[in-house]
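K.L.:
First the structure, which I've put down as structure tokens, then a few questions once you've had a look.
The values are calculated or read from the model by the stated rules, or taken from the named source; none is laboratory data. What you see is a predicted model; the values in this text were computed from it and never measured. Here Cβ is always computed from backbone atoms with ideal geometry, including for glycine, and neighbour counts include all displayed protein chains.
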Amino acid sequence: MDKMNCEKCSELLLEYMDGELSSEETALVRSHIEACPECLREYEDYAEIRRTASEHAAGPRAIARNRIRPRARREGERLEGP
Amino acid sequence: MFGIKKKSELSDEEEMKRFQNGDESGFNVLLMRHGPAVLRFIRKMTGADAARAEDLLQEVFVKVIERRGHYDPGQKFTTWLYSIARNHCIDFLRTESFRRHGSLDAPVSAGDEGGAVVIDMIRGGERAQDEKVYDREVRDVLDEGLGGLKEEFREVFLLREVEGLSLDEIAAVTGSPLGTVKSRLRYAYRDLRRAFTESGYFEERRKARGE
């Protein structure tokens, strides 16, 4: 593998966050991030984006139950026919 | 007990098989399990308001009913479900430009008995949530950022980061090679980072952390 640079680091960042890189690549990305303020910032920003997205995942739960199931059942009956 | 699963513990694929065999409760379980997440995906994917997104969700699950005979129980149910949802969103986006919402106050169409009541409940529930102003702002920033993404980047980001699908599953859902999925996710992050930066969000966060 070529020596790590910012472009390569950026390319591998998400897989690094997911722990999907080989141990060699992980070590290269980690040491690059520790030495490069721009890439460290990119890493922190991506982690923040991921955090906001996962917090966002909490959504309204009852809606589907209350409205969709009766409709779907009616639709199912219609499709089945008499 | 005795290694027998309770009905509620059946896998998605087993529930779908029950439904294919005419047991409606299999469908109900799947709807309860996945309805909220698919609704969220639809809302974020299309930018549709709550009422329209519910209609789209209904249409998706009606397709599940209509196409149940085509489902192969060997296939992961969520891959099949999100394929239907994703294609339905794309059809919707083709006929209506993104973020051209109808008004939230638009009357609920005739025949949706109880619909207006449900919408009121949703609105009330959203307002009633003990939600800090800060959290709302974060959500706005994310929504804005998502709205600005290219459609193919947005869908990959939502399936991965909000719905928690694996990259392989996303490749199956979107019919794209794994490498394409990975690069689209990277582009989504790159563009979201730009949007978050322009909104001043990161700066605020760094200040808050005392950096």
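K.L.:
Output the number of residues of the range B:100-114 satisfying the condition of being surrounded by 11 or more Cβ atoms within 10 Å (Cβ to Cβ) and either at pLDDT 95 or above or under 23 Å from B:Gly148 (Cβ atoms) (or both).
P.N.:
Total meeting the criteria: 3.
K.L.:
Looking at A:Ser22, A:Ser10, can you tell me which residue is at pLDDT 90 or above and more than 10 Å from chain B (Cβ to nearest Cβ)?
P.N.:
Only one candidate qualifies: A:Ser22.
K.L.:
Which residues, counting only those in the range B:192-209, are small (Gly, Ala, Ser) and crowded, with 16+ Cβ neighbours inside 10 Å?
P.N.:
Hits for the range B:192-209 are B:Ala195, B:Ser199.
K.L.:
A further question on this structure: Please work out which residue is nearest to the other protein chains (Cβ to nearest Cβ), limiting yourself to the range B:153-191 and to residues that are among the acidic types (Asp, Glu) and surrounded by 18 or more Cβ atoms within 10 Å (Cβ to Cβ).
P.N.:
My answer is B:Glu161.
K.L.:
Could you list all residues from the range B:158-175 that are farther than 11 Å from B:Thr79 by Cα, assigned to a loop (DSSP other than H, G, I, E, B) and in contact (Cβ under 8 Å) with a residue 12 or more places away in the chain?
P.N.:
Hit for the range B:158-175 is B:Glu163, nothing else.
K.L.:
Just the residues that are within 20 Å of B:Phe157 (Cα to Cα), more than 10 Å from chain A (Cβ to nearest Cβ) and not aliphatic (A, V, I, L, M), please, taken from the range B:21-48.
P.N.:
Correct list: B:Thr46, B:Gly47.
K.L.:
Filter the range A:25-44 for residues that are under 23 Å from B:Arg160 (Cα atoms), surrounded by fewer than 16 Cβ atoms within 10 Å (Cβ to Cβ) and away from every other protein chain (no Cβ under 12 Å) and give the result.
P.N.:
The answer is A:Thr26, and nothing else.
K.L.:
Any chance the range A:52-66 includes a residue that's of a type in the set (D, E, K, R) and modelled with pLDDT of 85 or more? Show your work before the answer.
P.N.:
Taking the range A:52-66 first, the residues of a type in the set (D, E, K, R) are A:55, A:61, A:65.
Right, trim to modelled with pLDDT of 85 or more and you get none.
No - not one qualifying residue is present in the range A:52-66.
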